[in-house]
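The values are calculated or read from the model by the stated rules, or taken from the named source; none is laboratory data. Keep in mind it's a predicted model, so treat the numbers as computed, not measured. Neighbour counts run over all protein chains shown; Cβ positions are idealised from the backbone, glycine included. Surface areas here come from the heavy atoms of the whole protein model, side chains and all, with no ligands, DNA or RNA. Shrake-Rupley method; radii C 1.70, N 1.55, O 1.52, S 1.80 Å.
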Amino acid sequence: MGHIIAVSGKGGVGKTTLCGLLIQYLCDTGKKPVLAVDADANANLNEVLGVEVGVTLGELREEIERAGVDPKYKIPSGITKAAYLESRLGDALTEEEDYDLMVMGRSQGQGCYCFVNGIVQTQVQKLQNHYPYIVVDNEAGMEHISRGILPTMEIAILVSDCSRRGVQAAGRIARLMEELNFHPQKTGLIINRAPEGKLDPGTLEEIQNQKLELLGVVPQDETVYRFDCEGRPTVQLPADSPVREALKGIVEKLGI
């Protein structure tokens, strides 16, 4: 059964960038194929990985929801909505050489994401036996955790920037997992975008206040910012990137 690594944290702290580099590291070290799951309605993991996405789970939901109402969406006659959805789920996997990518995506207009969240959970459970590792890029905040989307995660990586608010958000997510009786084998914090790779005493104090284990510190890197501005996939960072080196040390510490 595949090992599920869930990455969570406050918005804007660089979760997706680290997810992409983690997926690449797992593939490069022979732990492939990896299932990459973009469980954020505002999906952009594919941009970090540099791949085009086919249909998303949110778009499949639209086909089912609007069939018979909007002529744009049609289900073949003689097939139930459930059977049609099942037949289309394979289309929601973007297949690359070393990994496959599944994107939650968003629904159009109003409505909640309960249905799409349920598909994410079901698909992860169904596909878990086919991949040695599954890396899930969660949406910002606590939604997926509170809905119990990933109760079988083995490693919970919390990501924060150097701010106290980011660390506090990570602490709230960790406590929520405890309240929901999630029992990952490992839960730890990564501080991302630290100037010169060093932490301020105030940040260290807040990490202690939140009773979080610090897995490592990823330095601020101008190259990552430049790649983002130029629209270049982050996985194309040079091999000697300090971000890569820091993440490698963290993954080795986790024993992955």
message: Among the numbered criteria (1) at pLDDT 85 or above; (2) open to solvent by 30 Å² or more (accessible area, probe 1.4 Å); (3) within 29 Å of residue 247 (Cα to Cα), which one does residue 139 miss?
response: (1)
field: Yes/no for residue 171 being over 14 Å from residue 37 (Cβ atoms), modelled with pLDDT of 85 or more and either touching a strand residue (DSSP E or B) at 6+ places or on another chain (Cβ under 7 Å) or of a type outside the set (Gly, Ala, Ser) (or both)
entry: no
- line: Checked pairs for the range 201-226, first over 22 Å from residue 187 (Cα atoms), second acidic (Asp, Glu) and loosely packed, with under 12 Cβ neighbours inside 10 Å, C-beta under 8 Å and 6 or more apart or across chains, list as 220/196
task: Only residues in the range 31-49 that are under 26 Å from residue 252 (Cα atoms) count as the first member; pair them with residues that are open to solvent by less than 10 Å² (accessible area, probe 1.4 Å) and small (Gly, Ala, Ser), Cβ under 6 angstrom, at least 6 apart or cross-chain, and list the lot.
output: 48/20; 49/20
- prompt: Residues of the range 142-162 being of a type in the set (D, E, K, R) and either touching a helix residue (DSSP H, G or I) at 6+ places or on another chain (Cβ under 9 Å) or at pLDDT below 90 (or both), which ones?
  reply: 143, 147, 161
- prompt: Just to be sure, is residue 29 within 23 Å of residue 239 (Cα to Cα), open to solvent by 50 Å² or more (accessible area, probe 1.4 Å) and at pLDDT 85 or above?
  reply: yes
When residues of the range 163-181 are limited to those that are touching a helix residue (DSSP H, G or I) at 6+ places or on another chain (Cβ under 8 Å) and free of Cβ contacts under 8 Å to residues at least 40 places away in the same chain, the one surrounded by the most Cβ atoms within 10 Å (Cβ to Cβ): 177
- request: Scan the range 45-86 for residues that are at pLDDT 85 or above, hydroxyl-bearing (Ser, Thr, Tyr), surrounded by 12 or more Cβ atoms within 10 Å (Cβ to Cβ) and farther than 26 Å from residue 17 by Cα and jot them down.
  value: 84
task: Just need a number here: residues in the range 198-211 that are more than 18 Å from residue 13 (Cα to Cα) and either among the small types (Gly, Ala, Ser) or not in a helix (DSSP H, G or I) (or both).
output: 1
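For (1) part of a loop (DSSP other than H, G, I, E, B); (2) of a type in the set (Phe, Trp, Tyr); (3) at pLDDT 95 or above, each residue gets a yes or a no:
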{"site": "176", "(1), (2), (3)": "no, no, no"}
{"site": "183", "(1), (2), (3)": "yes, no, no"}
{"site": "192", "(1), (2), (3)": "no, no, yes"}
{"site": "196", "(1), (2), (3)": "no, no, no"}
{"site": "215", "(1), (2), (3)": "no, no, yes"}
{"site": "235", "(1), (2), (3)": "no, no, yes"}
{"site": "246", "(1), (2), (3)": "no, no, yes"}
field: Residue within the range 54-71 that is in contact with a strand residue (DSSP E or B) (Cβ under 7 Å, 6 or more places away or on another chain) and either basic (Lys, Arg) or assigned to a loop (DSSP other than H, G, I, E, B) (or both) present
entry: yes
- prompt: Inside the range 154-201, can you point out the residues that are among the aliphatic types (A, V, I, L, M) and more than 28 Å from residue 225 (Cα to Cα)?
  reply: 174, 176, 177, 180
message: Given the options 72, 15, 10, name the one that is of a type in the set (Lys, Arg) and without any contact (Cβ under 8 Å) to a residue 24 or more places away in the chain.
response: 72
- prompt: residue 93 is checked against (1) surrounded by fewer than 18 Cβ atoms within 10 Å (Cβ to Cβ); (2) within 24 Å of residue 4 (Cβ to Cβ); (3) among the aliphatic types (A, V, I, L, M); (4) at pLDDT below 90 and fails just one. What number does that condition carry?
  reply: (4)
